[in-house]
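Here the structure is laid out as structure tokens; the discussion comes afterwards.
All of the numbers you see were taken from the coordinates with simple rules; none came from a lab. No experiment lies behind these values; they were computed from the predicted model shown. A quick note on method: Cβ atoms are made from the backbone with ideal geometry, for glycine too, and the neighbour counts reach across all protein chains shown.
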Amino acid sequence: MPIKIAPSILSARFDRLVDQVLEAEKAGADMLHIDVMDGHFVPNLTMGPAIVHAIRSVTKLPFDAHLMVTHPQDFVQAFAKAGVDDLTVHVESDHDTSATIRAIRDAGVSPGVVVNPATPFEKAVPYLGDVDLILVMTVHPGFAGQAFRQDVVPKIREARDYIDREGLDVQLQVDGGIRLDTAPIVAEAGADILVSGSGIFPDRIAENLRAIRSAAERARARKR
Ligand code: DX5
Ligand code: ZN
């Protein structure tokens, strides 16, 4: 499977959001990453189902919504209705993670589980049989444009090894500080999907996206 690139619209220019989304689509983005923050789970507020609904009709790209909220279970229905394709929820949120994952699946959406940099991979393991995606955060969530945390690389490898060893049908996603210089590191460690916000938006979107993709592909080919 080729590496997938998921531009995060959090770093797009919101006064030209539709144009920027279309530019990312034309440049070959595999999905759009949508960062949902509630000002409680993380110290920032971003976007909700209304924004998702508004851009759903302008692009065919799959929508990958990352819920950085205290009570993700309360928002499953609204995001499903707004047209997301997958919903990822943090193990650190205040919820019954298994129940939320089931609710996401029941709503016809693909579920994923997320672990923060400080959370060990083991915390995600109980859910891996029930999700399509695991997201390993490579920054502390809350803001775009933060520096990539090198100390998370062993956890990416650990997740890769576990998924392969167990033969799981789970994609490994990484998010935070992924740019031209760090994309090869995570690709080499085994990531399948690279989220990138400020590494792609808001200027030279196509150029940035293609450069990140080819740097990641080269790193993965070297590994083989
Ligand atoms: C961080 C978000 C990320 C962020 C990525 O809390 O979950 O998706 O927008 O932005 P960059 O790539 O700039 O770190
Ligand atoms: Zn994110």
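Quick notes on this structure:
- Note on the chain: with a GNM built from Cα contacts shorter than 10 Å, the maximum mean-square fluctuation among GLN173, GLN73, GLN150 falls on GLN150.
- For the chain, a crude dipole built from +1 on the beta carbon of Lys and Arg and -1 on the beta carbon of Asp and Glu, taken about the Cα centre, is about 720 debye to the nearest 20.
- Reduced Cα scattering model of the chain, Debye log10 I(q)/I(0), q = 0.08, 0.15 Å⁻¹: -0.24, -0.93
- 10 Å binning of all Cα-Cα separations within the range 182-224, expressed as whole percents from 0 upward: 31, 51, 17, 1
- Its DSSP H runs of at least 4 residues, each contributing -39,500 (n - 2.57), put the calculated 222 nm mean residue ellipticity of the chain at -10000 deg cm²/dmol, to the nearest 500.
- Between the amide H of ILE34 and those of ASP64, ALA65, HIS66, distances stay under 5 Å, these residues lying 5 or more places away or on another chain, with hydrogens modeled in the peptide plane.
- The Cα atoms of the range 105-190 give a gyration tensor whose axes a ≥ b ≥ c have a/c of 1.5 or more with a/b greater than b/c, which makes the shape prolate.
- 20 °C / 1.002 mPa s Stokes-Einstein diffusion coefficient of the range 16-96, Kirkwood radius on C-alpha pairs, µm²/s: 163
- Its Cα gyration tensor gives the range 1-42 an equivalent ellipsoid, and the semi-axes of that ellipsoid, as √(5λ) in whole Å with the largest first, are 21, 16, 5.
- Build a GNM of the chain with springs between Cα atoms under 10 Å apart, and of ILE55, ILE200, ILE212 the one that fluctuates most is ILE55.
- Net charge dipole, the range 93-142: roughly 80 debye, given to the nearest 20, about the Cα centre with Cβ charges of +1 for Lys and Arg and -1 for Asp and Glu.
- Listed residue (ILE34, ALA82, PRO72) projecting farthest to the positive dipole end of the range 1-91, Cβ model: ALA82
- The range 53-155: trypsin sites (Lys or Arg not before Pro) falling in loop per DSSP and having at most 13 other Cβ within 10 Å: LYS60
- Here the Karplus curve 6.51 cos²θ - 1.76 cosθ + 1.60, taken at θ = phi - 60°, turns the phi angles of the range 157-169 into couplings of 4, 4, 5, 4, 4, 5, 4, 5, 4, 7, x, 7, 8 Hz, with x standing for Gly and Pro.
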